[in-house]
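The values are calculated or read from the model by the stated rules, or taken from the named source; none is laboratory data. These figures come from a predicted structure and were not determined experimentally. For neighbour counting, all protein chains shown are included, and Cβ atoms are generated from backbone atoms with ideal geometry for every residue, glycine included. Just the protein is used for accessible areas: all its heavy atoms, side chains included, with ligands, DNA and RNA removed. Shrake-Rupley method; radii C 1.70, N 1.55, O 1.52, S 1.80 Å.
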Amino acid sequence: MRLVFLGAPGVGKGTQADKAAVQYHIRKISTGDLLREAVRNRTPLGIEAKEHMDQGRLVPDSVVIGLVREKLADSSHANGFILDGFPRTVHQAEALAKVLAEQGLQLDRVIHFRVSRSEIVKRLSGRRSCPKCQATYHVEFAPSKSGDVCERCGAALVQRSDDQPEAIEMRLRVYEEQTAPLITFYENKQVLSHLNGAEPVETVYQNLVRELTAYQTA
Ligand code: AMP
């Protein structure tokens, strides 16, 4: 299966992609994770990406498309993949279609996760992560059992710089202006399914599996 998970920041795409990747034995490719790794490793790409990311803006298309092209060129996605957080612009979507066509492939399904703006702000502003093992928590919905430190490895938890209030506002604005047009783009290609992302994680996941099963047996 070759899937794209689409939706505003904070709708839970990454969480759902992690679960589905395990169940369906496919790779999750998250451009946000790849870029954060490049920032941590202070690579030239990471240094370029950091200032865009900290402000909640998109990293230039050329950079992100290059990253995804490289990932899709390696054979470990033979079973399929879930793209989480890519494409985020129509230009990226067109580039993706081209990269896949070069390999004789196409997307099977695009899943759009819907969550209200107020819920998104609550989710993002309470999010905390471990700088050492990358575990994620939420101060209200999924707190660490060890308080302000990671319950897995003991490192002090941090808030992502792009989860600060001004960056959240910017990310939501960028989503509306640059990413939301992809809903119509993929609707027109008849590959889009909508899911309510506001329900509990397990319920969203059951609905996702039902949707993918319906598609596979259609
Ligand atoms: P995410 O973890 O998916 O919310 O991504 C975090 C940040 O990485 C975004 O706010 C962007 O600055 C950058 N980013 C991730 N994916 C993309 C993409 N497909 N295009 C441009 N920028 C991206």
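Quick check on this structure: which one of 45, 35 is near the ligand (Cβ under 9 Å from one of its atoms) and either hydrophobic (A, V, I, L, M, F, W, C) or more than 28 Å from residue 80 (Cα to Cα) (or both)?
35
Hey, can you tell me all the residues within region 117-158 that are of a type in the set (S, T, N, Q), surrounded by 14 or more Cβ atoms within 10 Å (Cβ to Cβ) and in a loop (DSSP other than H, G, I, E, B)?
The answer is 134, 144.
Conditions first: (1) part of a helix (DSSP H, G or I); (2) within 13 Å of the ligand (Cβ to nearest atom). Residue 83 passes all but one, so which condition is the exception?
(1)
Would you confirm whether or not region 93-107 contains a residue that is within 15 Å of the ligand (Cβ to nearest atom), within 18 Å of residue 10 (Cα to Cα) and either touching a Pro at 6+ places or on another chain (Cβ under 7 Å) or touching a residue at least 60 places away in the same chain (Cβ under 8 Å) (or both)?
The answer is no, given that none of the residues of region 93-107 is within 15 Å of the ligand (Cβ to nearest atom), within 18 Å of residue 10 (Cα to Cα) and either touching a Pro at 6+ places or on another chain (Cβ under 7 Å) or touching a residue at least 60 places away in the same chain (Cβ under 8 Å) (or both).
Take residues that are at pLDDT 95 or above and tell me which of the helices (runs of 4 or more DSSP H) falling wholly in region 1-70 contain 1 or more.
Qualifying helices (runs of 4 or more DSSP H): 13-24, 31-40.
Looking at residue 111, is it more than 14 Å from the ligand (Cβ to nearest atom), β-branched (Val, Ile, Thr) and open to solvent by less than 70 Å² (accessible area, probe 1.4 Å)?
Numbers: more than 14 Å from the ligand (Cβ to nearest atom): yes; β-branched (Val, Ile, Thr): yes; open to solvent by less than 70 Å² (accessible area, probe 1.4 Å): yes.
Criteria met by residue 111.
So which of 173, 160 ends up being of a type in the set (Lys, Arg), closer than 17 Å to residue 10 by Cβ, at pLDDT below 90 and within 16 Å of the ligand (Cβ to nearest atom)? Spell out how you get there, then give the answer.
Details: 173 fails: at pLDDT below 90.
Exactly one residue qualifies, and that residue is 160.
Among 47, 65, which is more than 22 Å from residue 178 (Cα to Cα) and either basic (Lys, Arg) or over 13 Å from the mean Cα position of the chain (by Cα) (or both)?
On inspection, the qualifying residue turns out to be 47.
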